[in-house]
Amino acid sequence: MSNKVALVTGSSRGIGKAIALRLAENGYDIVVNYARSKSAALETAAEIESLGRKAIVVKANVGKVEKIKELFAEIDEAFGRLDVFINNAASGVLRPAMELEESHWDWTMDINSKALLFCAQEAAKRMEQTGQGRIISLSSLGSIRYLDNYTTVGVSKAAVEALTRYLAVELSPKNIIVNAVSGGAVDTDALKHFPNREELLEDARKNTPAGRIVEPEDLVNAVMFLVSDQSSMIRGQTIIVDGGRSLLV
């Protein structure tokens with residue numbers, strides 16, 4: 001595994017950063033992708049390099065196909081291969097359905113859904129050259145449950161889960177395994193943008209059968225299992241990591 005390479009989109013902070021660091025701990029060189037905060041991305045890269053792995057930092061809005069192509073060109077130049085693609089970058093406009101505008105829809109769908117398709121196309125070309133690969137997306141319970149103000153994100157994540165199934169079937173003959181991980185409410189920077197953040201967290205604290213809120217490491221553990229050989233017969237699935245919360249809805 002000494003020369004395996006992983007791309008984690010949106011890995012300058014939060015769950016993406018936690019996944020990138022764990023992959024580095026397990027011997028992967030990392031492509032740190034970000035859209036806004038270069039300083040945070042450089043900090044993540046420095047932490048990866050302190051673990052003895054190589055890291056490159058690439059700014060790219062993955063909602064734009066031309067930027068995706070530039071991102072993968074940089075991967076080719078730095079590493080010449082790609083073994084794991086973690087589709088983590090996400091954004092979205094949090095408003096009730098009746099207040100949404102076309103620009104809100106397009107922005108959210110591009111970054112959360114379109115990015116998976118066109119990044120997966122590029123990733124699969126590189127993985128095919130090495131004879132195997134893993135593609136794992138991050139989703140959320142809003143894909144299958146109603147959450148206040150979550151229309152655009154929930155629909156975009158439902159598309160991610162559907163696309164995961166299609167990619168899993170089409171890429172299996174190339175030994176590229178595709179899955180997704182869906183998390184319950186996790187207290188990260190992303191949740192700070194939710195107008196009902198405290199309500200979501202309080203619900204998770206009170207009503208999660210596991211007795212505690214989901215932590216970033218819980219999602220990282222699921223991702224690492226799907227990256228491993230032990231999960232090779234799991235394909236096209238969305239693994240829900242929510243401590244059982246969605247069972248009570």
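The values are calculated or read from the model by the stated rules, or taken from the named source; none is laboratory data. Just so it is clear, the structure is predicted and the values come from calculations on it, not from any experiment. No Cβ is skipped: glycine too gets one built from the backbone with ideal geometry, and neighbour counts run over all protein chains shown. For accessibility, only protein heavy atoms count, side chains too; no ligands or nucleic acids. Shrake-Rupley method; radii C 1.70, N 1.55, O 1.52, S 1.80 Å.
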- prompt: Which residue pairs have Cβ atoms closer than 6 Å, lie 6 or more positions apart in sequence or on different chains, and pair a first residue in region 73-101 that is within 20 Å of MET224 (Cα to Cα) with a second residue that is of a type in the set (Ser, Thr, Tyr) and open to solvent by 40 Å² or more (accessible area, probe 1.4 Å)?
  reply: ARG81/THR130
- prompt: Tell me, which residue of region 90-127 that is modelled with pLDDT under 95 and under 20 Å from ILE15 (Cα atoms) is most open to solvent (accessible area, probe 1.4 Å)?
  reply: ALA90
message: Conditions first: (1) free of Cβ contacts under 8 Å to residues at least 12 places away in the same chain; (2) farther than 20 Å from GLY14 by Cβ. GLY133 passes all but one, so which condition is the exception?
response: (1)
task: Considering only region 229-249, state which residues are at pLDDT 95 or above and outside any strand (DSSP E or B).
output: ASP229, GLN230, SER231, SER232, MET233, ILE234, ARG235, GLY236, GLN237
Unmet requirement for LYS192, which otherwise passes all of (1) within 16 Å of ARG95 (Cα to Cα); (2) charged (D, E, K, R); (3) modelled with pLDDT of 95 or more: (3)
message: Please determine whether any residue of region 142-164 is under 21 Å from GLY131 (Cα atoms) and surrounded by fewer than 17 Cβ atoms within 10 Å (Cβ to Cβ).
response: no
